[in-house]
Structures are given as structure tokens and as C-alpha cells.
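Beneath this line is the structure, given in C-alpha cells, with notes to follow.
The numbers here are math on the coordinates, done by the rules we state, and not lab data. Quick caveat: nothing in here was measured; it's all calculated off a predicted structure. Using ideal geometry, Cβ is built from the backbone for each residue, glycine included, and neighbour counts are taken over all protein chains shown.
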Amino acid sequence: MARIDLFKQHLEEKRAVKVIAGIDNFDIENIKKVVSSAESAKASAVDICAREDIVKKVRQMTELPLFVSSIVPSELVRAIELGADAIELGNFDVLYKKGMSFDVNDVLSLVEETLSLFDGRKVFFSVTIPGEISTADQIALAVKLESMGIDLIQTEGHYSKDANLTGARALMDRAELTISNTIELVRNVEMPIMTATGINPTTAPFAFAAGASAIGCGSCVNKLTSTISMMATISSLVEIANKNATKIAEMV
């Protein structure tokens, strides 16, 4: 069985947990902690940056399905050559802080370029829908991506600019937009949706309730300092995801 088949199975069962080290995280020691913790906690996949030496090192240390994120098509192709199991075009939210922006045409152009570089070779392809574009544009983009054979859509939200928010309110504010985006996209496409941005043990149940087949969890894990705390957080997320799968199965 191919490594990516585990992730596909978890997607179908609506219990996939992708642990995101970060598109701009080049700290190899931190990445190694994230990856080993994800493996120990039985996450469905890990997602790392596209730097070649990091892709090689992570591929050597784990048999977990490995996603590589980038907005550079040639980097995504190279990642597969180095042993990645899937590609993620996006994780745009961290790039907004650098003054970058992405609209529907930008995303479609990058997807088309990436597909052309693979020249018909099949690879599991996930695309982030920019959280900054309108709901109508998100739906239109998702429908187009589905027609192009994209395997998975990842939603995103925003980080609160209100420094006065604390506790559960702050956590929910960060995730509110990505969860509402999930609801809209689930209604309009058949392909699986992964909810990301602000997803943690507090907000993950809401993502699955919104119809997500998967959650993408980054800062709630990669900002921690110890492997033990990372493992505990991921284990909690996996437990939430498994409960969702059980509930879905009981409804069938």
C-alpha cells in the first residue's frame, strides 16, 4: 500500500489530521520534533516546507504520508522526486504577512503550471483556497479545481488583529472564517475539504461539524517547545477526528 493511501483512507472516513510544520519553517530541529510527534500520535500526514535538504531529511526519518507546501510549481515537482507523497499549493496565510496576495486567477495559473510540469503524471494534489477572496470567488475556484481533478481543497481564515481577545474567544475568532468557508465549500463541491488556520483541540470539533473531511493543524503544534507537549496536542486532535469518524459511521 502506498503511503498516501493511509491519508486517503482517513479522508474518506472524515478523520484525517495533517500536522503542518510550516511553509516558512526552516528550523530542522523544530521540524524533526513536529514530525516525530505526529508519527507517535498517529496523525494522518505531515506538511513541511519545500527546501530540498529538509524534504530529504524528513523523508528519511518517517513513513508518514508527506505533504510539501510551496507556491513555486517547480519546487512541488522536485519535492515529489525527493520522495514526498503529496503537494500543497498554498498555505497562503503566512505569506500575507509579507505583503503578498492571491486571487482566483493567480491560483488557477499556478495550478495549471504545476499540472503541466507533471505532464500527466498522477500525484496527490491539494490546493489552498485563499481566505481573503470573496465567498463567491472561493466557490467558483473550488468548482473549477474539482473539474481539473484536484484531490483536496484546504480552507484558510485569518489571524485576529484584536489584541484584547483572550482565551476561548480568541481561539474561536481565529478559526471562525475558515470554518464558515468550509461550510460554504462543502455545500458546493463533492471533493473533500480540509479546514486549516486556527485549528486546535478547542476548534477542531467545529471544523468537523462544518463538514470537513480533514483538519490542518499548524501553530497549535509547531509553536510548542517540547516533543511531549506536541504529542499530547496531536493525540487530542486525533482523538477528536476519530470520534467524528465513529459518529459518521453510526449515521450510515
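Here are some notes:
- For the chain, the relative contact order works out to 23 percent when only alpha carbon pairs closer than 8 Å and six or more residues apart are counted.
- Placing pseudo-labels 7 Å out from each Cα toward the beta carbon at MET148 and LYS57 gives an inter-label distance of 3.2 nm.
- Ordering of 32-43, 134-145 by packing [mean C-beta count within 10 Å, highest first]: 32-43, 134-145
- Measuring r between the beta carbons of ALA136 and ALA232 and using R0 = 35 Å, the FRET efficiency lands at 0.30.
- Note, ³J(HN,Hα) from phi for segment 14-29, Karplus 6.51, -1.76, 1.60, rounded to Hz, x at Gly and Pro: 6, 9, 7, 10, 9, 9, 9, 6, x, 5, 10, 9, 10, 7, 4, 5
- Peptides 18-31, 106-119 ranked from most to least packed by the mean count of surrounding Cβ atoms within 10 Å: 18-31, 106-119.
- Global geometry of the chain, whether rounded, prolate or oblate, following the gyration tensor of its Cα atoms and the 1.5 cut on a/c: rounded
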